[in-house]
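To start, the structure under review is shown below, and the notes come after it.
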Amino acid sequence: MELSLARVDYLQVGVTTQKTMRLLPASGRKATQKVVVGDQDGVITCFGIKKGEAVPVFKTLPGQRISRLELGGALNTPQEKIFVATGSEVRGFTKRGKQFLSFETNLTENIKAMHISGADLFLCASYIYNHYCDCKDQHYYLSGDKINDVLCLPVDKVNCITPVLACQDRVLRVLQGSDLLYEVEVPGPPTVLGLNNGNGGDSGEEIVYGTSDGKLGLIQITASKPTPKWEIGNEKKRGGVLCIDSFDILGDGVKELLVGRDDGALEIYHFESADDPALRYDHAFSESIASIQGGCVGKDGYDEILASTYSGWLTGLTTEPVHREGGSGEELKLSQEMQSKISSLRNELEHLQIKVLQEREKYQQSSQSSTAVSSVPAFSVNDKFTLNKDDASYSLILEVQTAIDNVLVQSDVPIDLLDVDKNSAVVSFSSCDSEPNSNFLLATYRCQANTTRLELKVRSIEGQYGTLQAYVTPRIQPKTCQVQQYQIKPLSLHQRTHSVDHDRPMNTLTLKGQFSFAEIHSWVVFCLPEVPEKTPSGESITFYFQNTFLDTQLESTYRKGEGCFKSDNISTISILKDVLSKEATKRKINLNISYDVNEESVRHTLKLIHPKLEYQQLLAKKVHLIDALRELQVHEGSVDFLLPKYRSILEEADQLLEEYKRQPAHLERLYGMITDLFIDKFKFKGTNVKTKVPLLLEILDGCDLEGLIAFFEAA
């Protein structure tokens, strides 16, 4: 059965965040449901749809931003009580809008995630989990990394309270009371959790998770161990998962998985069998989808998927056909309905235009008076700066509630801007003075009309660290700009991983000195991405990392007064030594630094780099031949006389050029990494080999691995 859905825009509220929109239970089967949504202005809006128009049920006054909205009620009864988390407070409202609960949790941080099950309330701030029963404190847990979402398995099915935390360090933490029962490793940082089929499946133990790098998975959480059921990768390179729901939109008795992503992609996965989800339908919105729900909203008997977007639009994808089949009477009735709707919209538009003119005149008069006070319009920027494992680049996503005019990108460290297919903005580069001002990049992205979301890609150089700044200017009057800052760390291309290969040849750096656990942790946070800012509990900690560009690894273990760093790449150890000693000097702490260099590790790293180098050199050679081969083709009319390898270059010319364009300076980066490896190897021996670098570059052009290894060992 082909799924055909029509888009309907219902209403716009303020800027919304993840999990802040729900559908209230219907009064009867296939009857329309009311929508309740909370926004960043602190307003809760509840409305229904009658004759295609949004009819308000209730609307609260503005207040602190709403970070979560959940439905609750007694177990095994309709969940129609509305609960919102705002700041450190939880408020409860009836479906008519009457407030019946105001619970001040006294948490030191704002509530980031919330789940409700009967009389049980589960709340999470950045690192803290709290469980309340009837507003009385029950359990508490301090997580090792930031908590993104929380869920509890259905109590009526599993007969015990089993909370699950989705944590930034690629782990789901399953709790029992105030204690950790076990950890579940997942393939990316989990951003959202949902019960499979909305009820945890037949066992009540099945949880669906979505990650910030776009992966999905299902895990069965048993009392003793986790059982992974299925996992969907992100081959299409779509955005991170922000929201999930289960709903039978096909009407075949099996609930589909609904997924909303931060690049505006809405997906429906159908299950041919229990462990075999297949993408059945997708739709692209122009902004990120904060919440997604399946139900009946617009018209009795027609199911639909309702999404709330970042800028506050509530949009439905309905099964109701747009072009109805029927007699001329029905068509006439439809046209009259449409005409009255168009007429009311025209009147509303005229009214708004008059109001805008009046307000503009009022502003002009007040700005020219002697007591004028400049008022800068506030706007919200939703940003995300993440490392992509696939191509070792950073993705910077900027989203604004109104259209973006331009974005100026400035960096005080050398970085490459990479092409993004989805980006329609026009980019222009300005020349920079890198010496006096440490200004290495200045680029302006001019956006097309109605662009509210911009995605950029950058690639950094390890060992060079500083700040990337984005100056965002929206299309609002008076002109105003907001600056967003992102740290490029010394080991910026490293990503957290769950384990490393201990059989690799490792170089070791050991630090000893009069420093506290918090001090050395702050140095590691400064050097490496994806390390929690909060000092870990316990006396020592171990983190594992993988270099996304070269696949080398790093193991860091440290405690008060001592730190040990092991890597199979000597350049990683060299960067750490330089940066950590500089940070210690700033704080006037004497460090005793010792290192153990494994000669075999250099050969091992070269073997890791060489296939990438060979591939890039071959790609560059092919690209340089394309113009000459195309000229031959034009002159000769046929290319049958060419060798097969040259014919294949012509056939694949467009793909080769596209790949080469997507990865500028890739070959130069590899040359730079091998050069750094050469210099660092001898730096630890106290020898300066910079004069031999030109000779090394000549050998690199030949791309002979054995010759390269021999040069490293003979120098």
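Sketch the reach of a paramagnetic label on Arg96 as a point 7 Å from Cα along Cα-to-Cβ, and name the residues of segment 21-51 whose backbone nitrogen lies under 15 Å away. No residue passes the distance filter.
Protection proxy ranking, highest mean first, for peptides 234-240, 73-79, 346-352: 234-240, 73-79, 346-352, where packing is the per-residue count of other beta-carbon atoms within 10 Å, averaged. Residues in segment 350-367 carry Karplus couplings, in order, of 4, 4, 5, 4, 5, 5, 4, 4, 4, 5, 5, 4, 4, 5, 4, 5, 5, 6 Hz; the curve used is 6.51 cos²θ - 1.76 cosθ + 1.60 with θ = phi - 60°, and Gly or Pro positions show x. Please say if segment 563-628 is rounded, prolate or oblate, where rounded means a/c under 1.5 for a ≥ b ≥ c the square roots of the C-alpha gyration tensor eigenvalues, and otherwise the choice is prolate for a/b larger than b/c and oblate otherwise? Judged from the Cα gyration tensor, segment 563-628 comes out oblate (a/c at least 1.5, b/c at or above a/b). Seen against the Cα atoms of the chain and their longest principal axis, helix 693-702 is set at about 70 degrees.
By its C-alpha gyration tensor, with a ≥ b ≥ c as the square roots of the eigenvalues, how is segment 491-625 shaped: rounded for a/c under 1.5, else prolate for a/b larger than b/c, else oblate? Prolate is the answer for segment 491-625, as a/c is 1.5 or above and a/b outweighs b/c.
Compute the FRET efficiency between Gln469 and Asp390 as 1/(1 + (r/R0)^6), taking r as their Cβ-Cβ distance and R0 = 35 Å, and round to the nearest 0.05.
The pair Gln469/Asp390 has a calculated efficiency of 0.85.
Each helix, a run of at least 4 DSSP H residues, gives -39500 (n - 2.57); summed and divided by the residues of the chain, these come to -8000 deg cm²/dmol at 222 nm. Solvent-accessible area per residue in segment 494-597 equals 43 Å², computed with a 1.4 angstrom probe and all protein chains kept. Multiplying the residue separation of Leu695 and Asp156 by 0.36 nm and subtracting their alpha-carbon distance yields 186.8 nm.
Taking only protein heavy atoms and a 1.4 Å probe, the accessible area of the chain is 49% carbon and sulfur. Under a point spin-label approximation (7 Å from Cα along Cα-to-Cβ), what is the Glu350-Asn199 distance to one decimal in nm? About 5.4 nm, to one decimal. With contacts taken as Cα pairs under 8 Å and at least 6 residues apart, segment 1-49 reaches a relative contact order of 31 percent. Between rounded, prolate and oblate, where does segment 381-468 land on the alpha carbon gyration tensor, with a ≥ b ≥ c its root eigenvalues, rounded for a/c under 1.5, else prolate if a/b exceeds b/c? Because a/c hits 1.5 or more and a/b fails to exceed b/c, segment 381-468 counts as oblate.
Aspartates and glutamates near Lys384 by alpha-carbon distance under 16 Å, same-chain residues fewer than 8 away left out - which ones? Answer for Lys384, where 16 Å is the Cα cut-off: Asp213, Asp262, Asp263, Glu287, Glu399, Glu455, Glu530, listed by chain and number.
Taking amide H as placed 1.01 Å from N in the peptide plane, the amide H of Thr451 sits under 5 Å from that of Ile404, each at least 5 places away or on another chain. Excluding same-chain neighbours fewer than eight residues apart, the lysines reachable from Lys30 by a Cα-Cα span under 21 Å are Lys50, Lys51, Lys81, Lys95, Lys255, Lys299.
Counting only aspartates and glutamates at least 8 places from Lys534 when in the same chain, those with an alpha carbon closer than 16 Å to its own are Glu109, Asp145, Asp169, Glu519. Per residue, the accessible area of segment 44-109 comes to 55 Å² when a 1.4 Å probe rolls over the protein heavy atoms. Solvent-accessible surface of segment 602-714, taken per residue with a 1.4 Å probe and all protein chains present: 58 Å².
Using only Cα atoms and rounding to the nearest 10 degrees, what angle (0 to 90) does helix 653-662 make with the longest principal axis of the chain? Orientation of helix 653-662: about 90 degrees from the principal axis.
Any chance you could run the full-extension gain for Ala378 through Asp627? It's 0.36 nm times the residue separation minus the Cα-Cα distance, nm to one decimal. Spell out each step's value before the answer.
Details: separation 249, 0.36 × 249 = 89.64 nm, distance 5.13 nm.
Contour length minus the Cα-Cα distance gives 84.5 nm.
Each peptide in 302-308, 452-458, 245-251, 358-364 receives the mean, over its residues, of other Cβ atoms within 10 Å, and ordering these scores from highest gives 302-308, 452-458, 245-251, 358-364. Between Thr480 and Thr508, the contour length at 0.36 nm per residue exceeds the alpha carbon distance by 5.1 nm.
The packing ranking of peptides 41-48, 395-402, 443-450, highest mean first, is 395-402, 41-48, 443-450, where packing means the average number of other beta carbon atoms within 10 angstrom of each residue. FRET efficiency for the Ser499 to Thr222 pair, using the beta carbon distance and R₀ = 30 Å, is estimated at 0.85. Among all lysine pairs in segment 602-714 that are eight or more places apart or on different chains, how many have alpha carbons less than 16 angstrom apart? Qualifying lysine pairs in segment 602-714: 10. If r is the Cβ-Cβ distance from Thr557 to Val427 and R0 is 45 Å, what FRET efficiency results, to the nearest 0.05? So, using R0 = 45 Å, E works out to roughly 0.55.
Looking at segment 509-588, the GluC sites (Glu not before Pro) that sit in a DSSP loop and have at most 11 other Cβ atoms within 10 Å of their own Cβ are Glu533, Glu539.
Relative to one another, the C-alpha centroids of segment 219-258 and segment 116-157 are positioned 22 Å apart. Note on segment 1-48 and segment 607-623: Cα centroid distance 52 Å, given to the nearest whole angstrom.
The values are calculated or read from the model by the stated rules, or taken from the named source; none is laboratory data. Because the structure is a prediction, the values reported are computed rather than measured. With ideal geometry, Cβ positions are generated from the backbone for all residues, glycine too; neighbour counts draw on all protein chains shown. Heavy atoms of the whole protein, side chains included, go into the accessibility calculation; ligands, DNA and RNA do not. Shrake-Rupley method; radii C 1.70, N 1.55, O 1.52, S 1.80 Å.
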